[in-house]
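Below: the structure, in structure tokens.
Each value in this text was obtained by applying a stated rule to the coordinates, not by laboratory testing. All figures in this text were calculated on a predicted structure; none of them were measured in a lab. Here the Cβ is made from the backbone with ideal geometry for all residues, glycine too, and neighbour counts use every protein chain on show.
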């Protein structure tokens, strides 16, 4: 079964890998993993981590916490060409592992064929635009999603025995990329105090360790690079599908736009945390994970298209164990939505002279898709007995 699962994964992933590893222009090749590798090389050579740029024409700075530069150190030991291949393979395997965990109720029905069925489910996931963009750029999102998924969904996980609570891997993910910190807010909102402490302690431990090794880089990040929007690229570009990105494209500008964004973040955050708390109280870990993952992109100031790799989780949560045709249809709609390239169709339609309202609507469809997924989860997550909504630890 293992060989057959590997064959299915290979058939699904090889065309994508060939396109981005062999056919892709060298000046755009694996540009994001190059950012991590250059940060690791800066650590080794004693260069300022946040001043170093990748080679022209990209000239990209390192924008992640210092802990990520330490984790990336093994990349500096490999030729860049080998890094791209290894990173791509690792993303495919990480996506497969996430599918096995998130779709476990559905895959259980396949029994001995669950490994092959998981590979078959991974195939369309790899071709969604967020995941394929992660492979295109050499991104880290597949690993962030896997860390959080493994933390909440793994059975008899060793880190829960070491810490007495879940949250250690989510804390590490937060130290790598900050946005998983929304899981800490969720744990506090759900009154899972021990889990919240574990997330915070793991993130703090990793960040303090990075400070001890890289004090100058840590001061540079926490003292300025973190709050410098210019380091992230054009926030109003199509690829920023967060609430703020859409508002930057549609207006209003200035303080009024900021106030509107904060108000929308408050509303979406309140709705999302309500649904995630309901899911936690009902013992629906997959829906809980899916909703918090959605919040990680919806409320963030910047959510590039590849950040929407979280969308695998709402699809799994909506599909459930596969016994409800209605829920399978919902999952299919969300999966199909992110298999399309609607944001780029919007740009093409604007350039072709289509009505602006049509182009703008298509341009912002990934935000709309995330909101639709959140609304569907609101519908399917059961309302638990209030007595069940109490501290679990």
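The overall shape of the range 46-116 is prolate: from the C-alpha gyration tensor, with semi-axes ordered a ≥ b ≥ c, the ratio a/c is 1.5 or greater and a/b exceeds b/c. Each of 44, 170, 347 was scored by other Cβ atoms within 10 Å of its Cβ. Arranged with the fewest first, they read 44, 347, 170.
Could you order peptides 65-71, 337-343 by the average number of other Cβ atoms within 10 Å of their residues, highest first?
So the order, starting with the most tightly packed, is 65-71, 337-343.
Highest mean first, the peptides 325-335, 84-94, 143-153 sorted by other C-beta atoms within 10 Å per residue fall in the order 143-153, 84-94, 325-335. Specify whether the C-alpha gyration tensor of the range 236-393 places it in the rounded, prolate or oblate class, a ≥ b ≥ c being the square roots of the eigenvalues: rounded for a/c under 1.5, otherwise prolate if a/b is larger than b/c and oblate if not. Since a/c reaches 1.5 but b/c is at least a/b, the shape of the range 236-393 is classed as oblate. Rounded, prolate or oblate: which fits the chain when a ≥ b ≥ c are the square roots of the eigenvalues of the alpha-carbon gyration tensor, with rounded for a/c under 1.5 and prolate only if a/b beats b/c? Cα axes put the chain in the rounded bin. Here each label is just a point 7 Å from Cα along the line to Cβ, and for residue 348 and residue 253 those points are 3.0 nm apart.
In this label model, residue 383 and residue 18 are separated by 5.4 nm, measuring between points 7 Å along each Cα→Cβ vector. When the helices of the chain are scored as -39500 (n - 2.57) per DSSP H run of n ≥ 4 and the total is divided over every residue, the value at 222 nm lands at -21000 deg cm²/dmol.
What whole number of Å gives the distance from the Cα centroid of the range 23-55 to the Cα centroid of the range 310-332? Result: 38 Å between the Cα centres.
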